[in-house]
Amino acid sequence: MLKKIFACLSIVALLAPFSGSAAAASLGDRLKGQVLLQVQSHGEAWYVAPSGTRYYLKDGAAAYAVMRSLGLGITEPDYASLAAGNASLRNRVTGKIVLRVKAHGEAYYLCPRTGVLSYIKDGGAAFQIMRQCGLGISNSDLAQIPIALTSADQNVSQQATSNSQPPTNNSQLTTNGSIAGCQIFPSDNPWNQDISNSPVSANSAAYINSIGNAKGLHPDFGANDQYGIPYNIADNSTPKYSVAFDYADQSDKGPYPIPDRPAIEAGSDQHLLVLQKDECKLYELYDATLNTDRGAGWTAGSGAIWDLKSDALRPDGWTSADAAGLPILPGLVRYDEVNAGVIDHAIRFTAPKTQRAYIHPATHYASSSTDAALPPMGLRVRLKASYDISKLPPQAKVIATAMKKYGMLLADNGSSWFFQGAYSPGWNDDDLNTLKNIPGSAFEAVDTGALVK
């Protein structure tokens, strides 16, 4: 009991710097990088991002997810300097989360209050960091710091400022068929095409057999932030950067709007997706890295810019941030749309082997094989109308229903029947995993156009 009282007194004592002088400067700017604890609301925790906005840390898992989503890639030489105590580098990253891109994305946080560089191994570690680095703050002071609304999956609301109830899902940024007020391509775009009555491809059996008749569907996303492809929302205030590309001859020059501490896909592909809501344009990068050493700036393997008001394709033979020359965001399964009960677009998926050909809207192949039994990039498949999905749990049923109506588009080489979505803590992994029981034989390829070789 004495320890609890001492802890409360220690936290309350920290409130003094925030009151009175807050008007002199933005409180959010003054508290960038800090973890804040609401002493009047049972210690509810928030992280103030370098943007000066706050993210709700409901528990260890949420803290881990938020911290990783805001991580900035760091090279191994820079990490070694940081760990060794390089003062200049420590000043630059204090209060920020850095990800060792060459060490499986290991995340670290340099606590501005203690100066300790901590490894964010998992939710438990994030929770400890959250408590050890936390500064107490009153509800009135906290209300002066805007809540972050930089991603469709940032589940926050003002109600946590006035009470200890968990934040509710933000539905203002995303509605079915649009994100942040931007329609994701016109209604007649291939991504939005109902293919439930399209003719079956003459080569359907061979294509499905090649991908795997007996292999099951695999949702490559869920409630674990290490899976799935995140995306970011930007506006006219978001700075734009030049990007150095490995495949510059097939990349859009840019510049690219990149938010402070953008969410980047974990793993080797490191996709960085940004929807600029004031332009209704989509900016996508493959293998995106911010090289902090020697001021090298942003680099990527390839990049593409999409006008969401247009049906225009990439030039034939061009890749994008995806192997097939397709945009990535339109094909992601998103929690908000599943929660609303309807997905109204095709879903991105992968196959282990593809042929040296593509079908529009794809514009690029990623194979040297001329085997006609292998699927081409851009192949559209659908779940057979006869396949019974009536017993699937809610989230899985919405996804399976979309696979019958809009199908899936082959976008990259990868594991059989892996389909992609955006991470969200709202996903029920047990629900999603029931989709793994659907075999490849339950699908058929549809005829949506001629092969381009």
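In the range 130-141, the residues that are modelled with pLDDT of 80 or more reach residues that are surrounded by 15 or more Cβ atoms within 10 Å (Cβ to Cβ) and among the aromatic types (Phe, Trp, Tyr) with C-beta atoms within less than 9 angstrom, at least six apart or across chains, in these pairs: 133/109; 135/18; 136/18; 137/18; 137/46; 138/18; 141/18.
Of all residues in the range 205-226, those satisfying the criterion of being farther than 14 Å from residue 426 by Cβ and in a loop (DSSP other than H, G, I, E, B) are 212, 213, 214, 215, 217, 220, 226.
Only residues that are out of contact with any helix residue (DSSP H, G or I) (no Cβ under 8 Å at 6 or more places or on another chain), surrounded by fewer than 22 Cβ atoms within 10 Å (Cβ to Cβ), of a type outside the set (Lys, Arg) and within 17 Å of residue 379 (Cβ to Cβ) were counted across the range 404-441, and they come to 5. Confirm whether residue 58 is within 22 Å of the chain's Cα centre (by Cα), of a type in the set (D, E, K, R) and buried (at least 20 other Cβ atoms within 10 Å of the Cβ). When the stated conditions are applied, residue 58 does not pass them. Only a single criterion out of (1) touching a helix residue (DSSP H, G or I) at 6+ places or on another chain (Cβ under 9 Å); (2) surrounded by fewer than 24 Cβ atoms within 10 Å (Cβ to Cβ); (3) at negative phi is not satisfied by residue 312, namely (1).
Does the range 304-316 contain any residue that is in contact with an Asp or Glu (Cβ under 6 Å, 6 or more places away or on another chain), assigned to a loop (DSSP other than H, G, I, E, B) and over 21 Å from residue 66 (Cα atoms)?
First, the residues of the range 304-316 that are in contact with an Asp or Glu (Cβ under 6 Å, 6 or more places away or on another chain): 304-305.
Imposing the further condition that a residue be assigned to a loop (DSSP other than H, G, I, E, B) reduces the set to none.
No - not one qualifying residue is present in the range 304-316.
Among the residues of the range 208-223, is any out of contact with any Phe, Trp or Tyr (no Cβ under 9 Å at 6 or more places or on another chain) and either closer than 15 Å to residue 344 by Cα or buried (at least 18 other Cβ atoms within 10 Å of the Cβ) (or both)? Yes, the range 208-223 contains a residue that is out of contact with any Phe, Trp or Tyr (no Cβ under 9 Å at 6 or more places or on another chain) and either closer than 15 Å to residue 344 by Cα or buried (at least 18 other Cβ atoms within 10 Å of the Cβ) (or both).
What number of residues within the range 110-122 satisfy the criterion of being under 20 Å from the mean Cα position of the chain (by Cα) and surrounded by 15 or more Cβ atoms within 10 Å (Cβ to Cβ)? It would help to see each step written out before you state the result.
The initial filter retains those residues of the range 110-122 that are under 20 Å from the mean Cα position of the chain (by Cα), namely 120-122.
So of that shortlist, the ones also surrounded by 15 or more Cβ atoms within 10 Å (Cβ to Cβ) come out as 120.
Counting residues in the range 110-122 that are under 20 Å from the mean Cα position of the chain (by Cα) and surrounded by 15 or more Cβ atoms within 10 Å (Cβ to Cβ) gives 1.
Please work out which residue is farthest from residue 303 (Cα to Cα), limiting yourself to the range 343-369 and to residues that are surrounded by fewer than 16 Cβ atoms within 10 Å (Cβ to Cβ) and without any contact (Cβ under 8 Å) to a residue 40 or more places away in the chain. Only one residue fits best here, namely 369.
Against the test of being under 30 Å from residue 55 (Cβ atoms) and at pLDDT 95 or above, the options 184, 147 yield a single qualifying residue, 184. Residues that are at pLDDT below 95 and of a type in the set (A, V, I, L, M) do not occur anywhere in the range 345-361. Could you say which residue among 392, 374 is under 17 Å from residue 439 (Cα atoms) and assigned by TED's automatic domain parsing to the domain that holds residue 432? Checking each option against the conditions leaves just 392.
The values are calculated or read from the model by the stated rules, or taken from the named source; none is laboratory data. Computed from a predicted structure; not experimentally measured. No Cβ is skipped: glycine too gets one built from the backbone with ideal geometry, and neighbour counts run over all protein chains shown.
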